[in-house]
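Scroll down for the structure; my scribbles are underneath it.
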Amino acid sequence: MRNLSIAVIPGDGIGQEVIPPALEVLRAAGTKFGLHFEFAHFDWGAEYYFQHGAMMPPNALEQLAAHDAILLGAVGHVDVPDNITLNGLLLPIRRGFDQYANVRPAVLFDGVDSPLAGRAAGDIDMVVVRENTEGEYAQIGGFLYHHQPEEVAVQTSVFTRRGCDRVIRHAFELARKRNGKKRVASITKSNAQGFSMVLWDKAFQQVAAEFPEIETESLLVDAAAMNFVRRPHTFDVVVGSNLFGDILSDLSAIVTGSIGLAASANLDPTRRFPSMFEPVHGTAPDIVGKGIANPMATVFSAAMMLEHLGEEEAGRAVHGAVVKVLAGRRERTADLGGSSTTAAVTEAMLGEL
């Protein structure tokens with residue numbers, strides 16, 4: 001029996017409601033596939049911030065580094081500014097563990113209705129690969145005349161050739177492995193951003209030359225947003241900068257039915273550090289405590305975690321259990337047009353597993 005040590009950060013809001021179902025499913029998968037999970041829980045997030053003035057302790061990365069992977073629920077609170085949430089927990093983990101590839105699949109599953117007319121199950125099957133450690137979210141800049149009427153803010157994007165090359169290469173390697181269209185679309189804005197995005201375009205062209213069997217296209221981000229709606233069926237792997245990947249992956253989640261199904265992996269492909277897996281949805285304060293949060297995105301994320309850890313069979317089984325529940329159209333939460341509770345959906349997934 002293989003032992004797997006997982007750091008668990010439920011976080012805030014519905015993060016605390018969707019993590020327990022994912023752990024139940026993981027335990028069931030462990031029983032079925034001979035895996036023993038050791039879950040180490042960390043109470044970091046908004047409540048920790050209210051008590052300590054920080055989202056997590058100074059030695060947080062040292063504590064997390066001892067584990068094989070990290071499973072995160074969601075972080076954020078109406079009384080904590082979003083920049084503190086992001087810069088106090090998510091970005092330090094992503095950067096500190098060099099999780100440079102953020103991978104977000106978007107599939108229109110059987111049993112799920114797209115808001116786009118005429119789209120059937122399987123018509124949309126793409127994955128957005130987002131550069132995750134630099135770019136527009138590099139947090140380089142500052143204020144001048146802070147808190148004065150003449151206040152000035154400077155925010156600098158940072159694009160390195162290393163950063164562009166490695167995330168673009170990861171996208172091509174993913175396209176090579178997928179049973180898809182063998183296509184990679186690069187998202188850029190080099191007509192207006194004449195330095196950073198020109199570097200990105202150059203890196204994309206040169207990396208693409210290493211993968212002659214992969215078809216490519218390069219789209220300006222505004223055209224990409226339009227085409228995610230107009231022709232989503234043509235996309236396979238999409239690679240973009242931190243900002244563009246962030247925005248487009250939310251759009252890809254919506255055209256495939258619900259952000260409540262959107263999973264993600266923050267990967268260090270070199271495996272020097274633990275990778276982190278989390279649902280894309282936020283803390284959803286409007287439904288906290290009602291027992292109706294959709295746990296499926298978190299369970300999908302857990303399946304991605306299993307596959308990353310080399311437990312492909314278990315990962316496929318967990319993923320398949322969620323897909324079967326969706327296809328059955330019986331147990332579904334409000335975001336999918338149903339009225340099921342979190343607990344009912346969890347029991348259905350466990351039953352399928």
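The values are calculated or read from the model by the stated rules, or taken from the named source; none is laboratory data. Here the structure is a predicted model, which means the values were calculated and not measured. Don't worry about glycine lacking a Cβ; one is built from the backbone with ideal geometry, like all the others, and counts go over all protein chains shown.
When the range 134-150 is limited to residues that are touching a strand residue (DSSP E or B) at 6+ places or on another chain (Cβ under 9 Å) and not in a strand (DSSP E or B), the one that is surrounded by the fewest Cβ atoms within 10 Å (Cβ to Cβ) turns out to be 150. When restricted to residues that are of a type outside the set (A, V, I, L, M, F, W, C) and under 24 Å from residue 50 (Cβ atoms), the range 81-139 contains 10. Among the residues of the range 44-90, those that are part of a helix (DSSP H, G or I) and surrounded by 18 or more Cβ atoms within 10 Å (Cβ to Cβ) comprise 46, 48, 49, 60, 64, 85, 88, 89, 90. Within the range 324-335, the residues that satisfy the criterion of being within 15 Å of residue 107 (Cβ to Cβ) and either among the basic types (Lys, Arg) or surrounded by fewer than 21 Cβ atoms within 10 Å (Cβ to Cβ) (or both) are 324, 327.
Scanning the range 151-171 for residues that are hydrophobic (A, V, I, L, M, F, W, C) and in a helix (DSSP H, G or I), which turns out nearest to residue 237 (Cα to Cα)? Checked the range 151-171; the qualifying residue nearest to residue 237 (Cα to Cα) is 171. Entry remark, the range 3-13: residues being of a type outside the set (S, T, N, Q) and within 19 Å of residue 303 (Cβ to Cβ) number 6 in total.
Only one entry of 8, 18 meets the criterion of being in the same structural domain as residue 328 (by TED's automatic domain parsing) and in contact with a Phe, Trp or Tyr (Cβ under 6 Å, 6 or more places away or on another chain), and that entry is 8.
Among the numbered conditions (1) surrounded by fewer than 17 Cβ atoms within 10 Å (Cβ to Cβ); (2) under 30 Å from residue 234 (Cα atoms), the only one that residue 114 does not meet is (1). If we keep just the residues of the range 228-280 that are of a type in the set (Asp, Glu) and not assigned by TED's automatic domain parsing to the domain that holds residue 132, which is surrounded by the most Cβ atoms within 10 Å (Cβ to Cβ)? Here the answer is 278.
Restrict the check to the range 271-282 and report whether at least one residue is of a type in the set (Ser, Thr, Tyr) and either free of Cβ contacts under 8 Å to residues at least 40 places away in the same chain or outside any strand (DSSP E or B) (or both). No, the conditions are met nowhere in the range 271-282.
Residues checked against (1) outside any helix (DSSP H, G or I); (2) in contact with a helix residue (DSSP H, G or I) (Cβ under 7 Å, 6 or more places away or on another chain); (3) hydrophobic (A, V, I, L, M, F, W, C):
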{"position": "173", "(1), (2), (3)": "no, no, no"}
{"position": "179", "(1), (2), (3)": "yes, no, no"}
{"position": "186", "(1), (2), (3)": "yes, yes, no"}
{"position": "193", "(1), (2), (3)": "yes, no, no"}
{"position": "197", "(1), (2), (3)": "no, no, yes"}
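Taking the numbered list (1) in contact with a Phe, Trp or Tyr (Cβ under 8 Å, 6 or more places away or on another chain); (2) without any contact (Cβ under 8 Å) to a residue 12 or more places away in the chain in turn, residue 60 passes all entries but (2).
Residue 307 meets all of the listed conditions (1) in contact with a strand residue (DSSP E or B) (Cβ under 6 Å, 6 or more places away or on another chain); (2) at pLDDT 95 or above but one, namely (1).
Table: residues versus (1) under 18 Å from the mean Cα position of the chain (by Cα); (2) without any contact (Cβ under 8 Å) to a residue 24 or more places away in the chain.
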residue	(1), (2)
192	no, yes
207	no, no
218	no, no
226	no, yes
229	no, no
256	yes, no
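Every residue, every condition in (1) free of Cβ contacts under 8 Å to residues at least 12 places away in the same chain; (2) surrounded by fewer than 22 Cβ atoms within 10 Å (Cβ to Cβ); (3) closer than 22 Å to residue 121 by Cα; (4) among the polar types (S, T, N, Q), yes or no:
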site	(1), (2), (3), (4)
296	no, no, yes, no
303	no, no, yes, no
306	no, no, no, no
309	no, yes, no, no
315	no, yes, yes, no
318	no, no, yes, no
342	no, yes, no, yes
345	no, no, yes, no
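Each residue in the range 92-110 was checked for being surrounded by fewer than 17 Cβ atoms within 10 Å (Cβ to Cβ) and either among the hydrophobic types (A, V, I, L, M, F, W, C) or not assigned by TED's automatic domain parsing to the domain that holds residue 276 (or both), and 1 of them qualify.
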